[in-house]
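Below is one structure; the comments refer to it alone.
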Amino acid sequence: MRGMAYQLTVNGRAVVADVEGDTPLLWVLREELGLTGTKFGCGAALCGACTVHVDGVAVRSCSLPVEGAVGMPITTIEGLSADRSHPLQAAWIAEQVPQCGYCQSGMIMAAAALLREKSQPTDAEIDEAMTNLCRCGTYVRVRRAIKRAAGLA
Ligand code: FES
Ligand code: FES
């Protein structure tokens, strides 16, 4: 038996997810909507691979029940820009940030939330905001790309 029909707005599109209310938003995005750019890492709000924006705020979607996202705009990596032209996407390519790539959607979404709040972040602000984990150790390039996107490098 399925749960309720939850009406969501994902990347500007109205969608319905027929799931239990405590289903993590991540599963709805990946399994119900096919938006597989958002990744599953730890499932425990630790790694940030699953980061999306809910109402403009970076959220770890593995740990947010879908019922907590109703009525708020949800943005995934697929919706960050129509044609990969977001300044962070351009900077990520220019700095060749990814290694295996698994954490990178979450990294970019966390960085996008940071730049929306602070258009020219300091190193300390970047460190504070970017708590996502990267097992390939791309942290130095992540920081460079954020600065490039912010016009600081
Ligand atoms: S999968 Fe969500 S924080 Fe790791
Ligand atoms: S690029 Fe491989 S985990 Fe970050």
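The values are calculated or read from the model by the stated rules, or taken from the named source; none is laboratory data. As the structure is a prediction and not an experimental result, all values here were calculated from the model. So basically every Cβ, Gly included, is an ideal-geometry build from the backbone, and we count neighbours across all protein chains shown. Calculation scope for accessible area: heavy atoms of the full protein, side chains included, ligands and nucleic acids excluded. Shrake-Rupley method; radii C 1.70, N 1.55, O 1.52, S 1.80 Å.
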### Query
For A124, are the conditions met, namely being more than 16 Å from N11 (Cβ to Cβ), among the aliphatic types (A, V, I, L, M), out of contact with any Ser or Thr (no Cβ under 6 Å at 6 or more places or on another chain) and crowded, with 18+ Cβ neighbours inside 10 Å?
no
### Filter result (surrounded by fewer than 20 Cβ atoms within 10 Å (Cβ to Cβ) and either modelled with pLDDT under 95 or in contact with a Ser or Thr (Cβ under 9 Å, 6 or more places away or on another chain) (or both)) within the stretch 129-153
A150, G151, L152, A153
### Message
Looking at the stretch 87-108, I want the residues that are acidic (D, E) and have a partner that is open to solvent by 30 Å² or more (accessible area, probe 1.4 Å) with Cβ atoms under 7 Å, at least 6 apart or on another chain. Which pairs are those?
### Response
E95/R141; E95/R144; E95/R148
### Summary
Within the stretch 60-90, residues within 12 Å of A112 (Cα to Cα), among the aliphatic types (A, V, I, L, M) and surrounded by fewer than 22 Cβ atoms within 10 Å (Cβ to Cβ) come out as L80
## Note on the structure
Picked from the stretch 34-53 (must be buried (at least 18 other Cβ atoms within 10 Å of the Cβ) and among the aliphatic types (A, V, I, L, M)), the residue nearest to ligand 1 (Cβ to nearest atom) is A49
#### Entry: Residue match in the stretch 8-31 (condition: at pLDDT 95 or above, on the phi > 0 side of the Ramachandran plot and within 16 Å of ligand 2 (Cβ to nearest atom))
no
